[in-house]
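What follows draws every value from the coordinates through simple rules; no lab data is involved. For clarity, every value in this text was computed on a predicted model and none was experimentally measured. Virtual Cβ from ideal backbone geometry, glycine too; neighbours counted across all protein chains shown.
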Amino acid sequence: MAQAQFGLYGLGVMGQNFALNVAEHGFPISVCNRSPGRVDVCVQRAKDELGDQVGNLKGYKDPKEFVASLSKPRIVMFLVKAGAVVDSCIDQFADLLEEGDILVDGGNEWYENSIRRAKRVEPKGILYMAMGVSGGEEGARKGPSIMPGGPRAGYDAMEHIIKKCAAQTASGPCTTYIGGPGSGNYVKMVHNGIEYGDMQLIAEAYTILKNIGGLTNEELHQTFKKYNEGILDSFLMEITYVILGKKDEEVYDLETGKIIPECKGEGYLVDKILDRTGNKGTGKMTIKEGADRGSPVGTMAGALDARFISHDKATRVELSKSLPGPEGGLPAVDKAQLIADVEAAMYCSKICSYAQGMNLIRTASDEFKWDVSLGECARIWTGGCIIRAGFLGKIKTAYDTNPQLASLLVDPGFLSSITERQASWRRIVSLCCVAGIPAPSMYASLAYYDMYRQATMDTASLVQAQRDFFGSHTFERKDTPLGKFFHCKWTDAHAIV
């Protein structure tokens, strides 16, 4: 085996799968792990899965031998848990690497940590790349969306490898140079926030059709299958119609790997799953960042709130005994019209969600001078990742046509789509209000759209007056130039400042 062109440390399932991906594409790779047993597992998987390419993967149990096996400039990628473990990896490898070598963090890390770490190894001449990898375990093995940020020289050194290992689409491999330190993490973080919004919008559509439309599980399965054949074509829509058609017959015990007979019952599995949604934190990162940057992300925030409230099951059960809903029961609806309206409402809401995400990326890119291409972000999300969808091609076209586009809402193509579907969108949101069906992400999306329609926002005038009243925060006037501030002596008790 020739000297390895790539090294990977951290052999959980994601790490193993990405290592096998690299080897399968013809690149010699060395692998290493803190617990030696996982090295053996990965090497055995290579023997089982790589065929003629098995010789491209070699395992090491000593970090020094692992680093020594790499050709220069050495590329060491680690896939470990975010936080303190990453700093430990840097401590370990910074002493073993030399000027011009490259450290690559492939985990879901907070972007500010990556900026800090890049500065930390910079005096030694080590190039630090933070690289978002989306697509889960399957993507890591078969081709993920890869979002690398850091020094351009670091990207150039590994470009030939990650372009081959990324998901391949008609528009090219699903990777590109994102920008400077932290940018890869940032774009991956926003991807995950958008993912939260997409999932919640689909879930809201499901509950509307189920509870207001009265669709059966088979009807829901077929309806979402048709949605996936139209404007909402996406990976998440595809898995949703598969989920909705799955009978309760294959539930496995995580420890034994065997089917649990007592959990095999009649009906559909989705109806048996407890209504408590978890989260791993990247959605929270996106919402926090939106707040810190003053960039609205209401669709995603609605999705995160929905997860929090769903997880608080005990409180919901208790409060549901006391909180009355609208009188008169559910309104009668035309099922075919409802199905069409829900599709339109999802699409319009989805446009708003992506508009929020893209504007958040641009806000950070401008501040950090990353020069992120929003069109390229959309392109590399068309394959491999969780939010992959045909819809993203339209976003790429929008930003390629006008890189300075203020918002997807005013791109001619998306504006036309919203205009055509706006009545349906409003019918669905109104129907949910009347029926007492919570649809926080659809509500938030429509509010986002309607607020941007307002050249004058009376709410803002009143809130600023309130702020001046209790805190002397001052205000601007409509009849004077921007940037000139005033204060009012609202009562005799107010001082003039």
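Among (i) 25.2; (ii) 24.4; (iii) 23.5, which one is Kirkwood radius over Cα pairs in Å computed from these coordinates?
Only one listed value fits the structure, namely (i).
In nm, what is the difference between 0.36 nm times the number of residues separating V317 and I239 and their Cα-Cα distance?
Result: 25.2 nm gained on full extension.
Under a point spin-label approximation (7 Å from Cα along Cα-to-Cβ), what is the E249-Q222 distance to one decimal in nm?
The answer from the label model is 1.9 nm.
Å³ per residue of the Cα convex hull, for the stretch 189-452?
So the per-residue Cα hull volume is 154 Å³.
Which one of A340, Y443, V270 is farthest out on the positive end of the charge dipole of the chain, using unit charges on Cβ (Lys, Arg +1; Asp, Glu -1) and the Cα centre as origin?
Positive-end residue among those listed: Y443.
If you take the Cα Rg of the stretch 6-181 and divide it by 2.2 N^0.38 Å, with N the number of residues, what do you get?
The value comes to 0.94.
Taking the alpha-carbon centroid of each part, what is the distance from the stretch 151-225 to the stretch 374-406 in angstrom?
With the stretch 151-225 and the stretch 374-406 each reduced to a Cα centre, they are spaced 11 Å.
What is the stretch 151-266's relative contact order, in percent, from Cα pairs under 8 angstrom and six or more apart in sequence?
With pairs under 8 Å counted, the relative contact order is 13 percent.
So how tilted is helix 111-121 from the main axis of the chain? Cα-based, degrees 0 to 90, rounded to 10.
Value to nearest ten degrees: 30.
Label points 7 Å out from Cα along the Cβ direction at Y452 and A336: separation in nm?
So the label points at Y452 and A336 sit 3.4 nm apart.
Tell me the angle of helix 13-24 to the major Cα principal axis of the chain, expressed in degrees between 0 and 90 and rounded to the nearest ten.
The answer is roughly 60 degrees.
Within the chain, what is the longest stretch that has no GluC sites (Glu not before Pro) placed in a DSSP loop and near at most 14 other beta-carbon atoms within 10 Å?
In short, 328-475.
By how many nm would the segment from K119 to E137 grow when fully extended, if each residue of separation counts as 0.36 nm and the alpha-carbon distance is taken off?
3.4 nm
Please check the chain for the longest run free of trypsin sites (Lys or Arg not before Pro) that are loop-located per DSSP (anything but H, G, I, E, B) and have at most 14 other Cβ atoms within 10 Å.
The reported range is 82-245.
Under 19 Å from the Cα of K72, which lysines turn up, not counting those fewer than eight places away in the same chain?
K58, K64, K124
With the calculation restricted to Cα positions, what are the radius of gyration and Dmax of the stretch 265-365 in angstrom?
17.9, 52
Relative to the longest principal Cα axis of the chain, at what angle does helix 458-471 sit, 0 to 90 degrees, rounded to 10?
80
How much length, in nm to one decimal, is gained on full extension between L462 and D87, taken as 0.36 nm per residue of separation minus their Cα-Cα distance?
Extending this stretch completely gives an extra 130.2 nm.
Where a Cα-Cα gap under 20 Å defines reach, which lysines qualify for K280, not counting those fewer than 8 residues away within the same chain?
K81, K188, K288, K313
Report the one residue of L431, A364, L462 whose Cα lies farthest in the direction of the positive end of the charge dipole of the stretch 356-497 (charges on C-beta: Lys and Arg +1, Asp and Glu -1; origin at the Cα centre).
L431
Nearest 20 debye, what's the magnitude of the dipole of the chain about its Cα centre given +1 on Lys and Arg Cβ and -1 on Asp and Glu Cβ?
Dipole of the chain, to the nearest 20 debye: 520 debye.
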